[in-house]
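Before any comments, here is the structure.
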Amino acid sequence: MNTVKAIYPGSFDPVTNGHLDLIARGAKIFDHLVVAILRNSSKNPLFTVEERVEMLTEGVASFSNVSIATFDGLLVDFVRKQQAQALMRGIRAISDYEYEFQMALMNRRLAPELETIFMMPDAKYSFVSSRLVKEVFILGGSIEGLVPRFVIDRLKQRVPKG
Ligand code: PNS
């Protein structure tokens, strides 16, 4: 029987409930889902890759077919090394579409055998992003319900005044 392995790439700085909602959906339709954290991001991350791996590992503990990995360089090279057939990405709003469309078509040009599958998170997470979560927390606003409790605890350690 053919099995389908998908890669869910991103920065995950930090993982949000929107990411976890998408992972739960992906875990239902793919035989194996690998959440892949980009190592050499040009963004200036708040959490180290190791911290992000720890948080994601905690977040996906209840899924037996989900694992966490990190990658450097071109995403399509990592996908080929993993022998995966699909890429999973989340689309929250139309504003995500243009960037995602460009990436999907560039990845298709680089690896025509690979399909990108877009999934929508629950509408209640449609405005949630790692960037906004960090900004609101740093400025003292509540992010309750938008990220797991262990992420709030880590943010409190990292940004004592949040
Ligand atoms: O969560 P993000 O930051 O939007 O994820 C972006 C990510 C990691 C998927 C993208 O930057 C990526 O794939 N980077 C790896 C380098 C690469 O392959 N670039 C060409 C993409 S078309």
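The values are calculated or read from the model by the stated rules, or taken from the named source; none is laboratory data. These numbers were taken from a predicted model, which means no experiment stands behind them. Reconstructed Cβ throughout: ideal geometry from the backbone, glycine too, with neighbour counts over all protein chains shown. Quick note on the areas: whole protein, heavy atoms, side chains included, nothing else; ligands and nucleic acids left out. Shrake-Rupley method; radii C 1.70, N 1.55, O 1.52, S 1.80 Å.
Values computed for the structure shown
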quantity: For THR70, residues with placed amide H under 5 Å, excluding near neighbours; calculated: ILE37
quantity: Under 5 Å, built H, 5+ apart or other chain: amide partners of THR116; calculated: LEU87
quantity: Under Karplus coefficients 6.51, -1.76 and 1.60, residue-wise ³J(HN,Hα) of region 2-15 in Hz, glycine/proline x; calculated: 6, 10, 10, 10, 10, 10, 10, x, x, 8, 6, 10, x, 5
quantity: Hull volume in cubic angstrom per residue (convex hull over the Cα atoms of the chain); calculated: 113
quantity: 15 Å Cα cut-off, lysine pairs counted over region 5-158 (separation 8 or more, or different chains); calculated: 4
quantity: In Hz, Karplus ³J(HN,Hα) per residue of region 91-100 (6.51, -1.76, 1.60; θ = phi - 60°; x = Gly, Pro); calculated: 10, 8, 8, 4, 4, 6, 5, 4, 4, 5
quantity: Size of electric dipole in region 39-150: Cβ of Lys, Arg +1 and of Asp, Glu -1, about Cα centre, debye, nearest 20; calculated: 140
quantity: Angle between the chain longest axis and helix 17-29 axis [Cα atoms, degrees, rounded to 10]; calculated: 30
quantity: Helix 49-59 axis, angle to the chain major axis (alpha carbon atoms, nearest 10°); calculated: 90
quantity: Accessible area of the chain belonging to carbon and sulfur atoms, whole % at 1.4 Å probe; calculated: 55
quantity: HN-Hα J in Hz across region 81-88 - Karplus 6.51, -1.76, 1.60, θ = phi - 60°, x for Gly and Pro; calculated: 4, 7, 6, 8, 9, 9, 10, 10
quantity: Mean Cβ count within 10 Å, highest first, over the residues of peptides 115-127, 7-19; calculated: 7-19, 115-127
quantity: Average accessible surface area per residue within the chain, 1.4 Å rolling probe, Å²; calculated: 57
quantity: Acute angle (nearest 10 degrees) that the helix 149-158 long axis makes with the longest principal axis of the chain, alpha-carbon atoms; calculated: 60
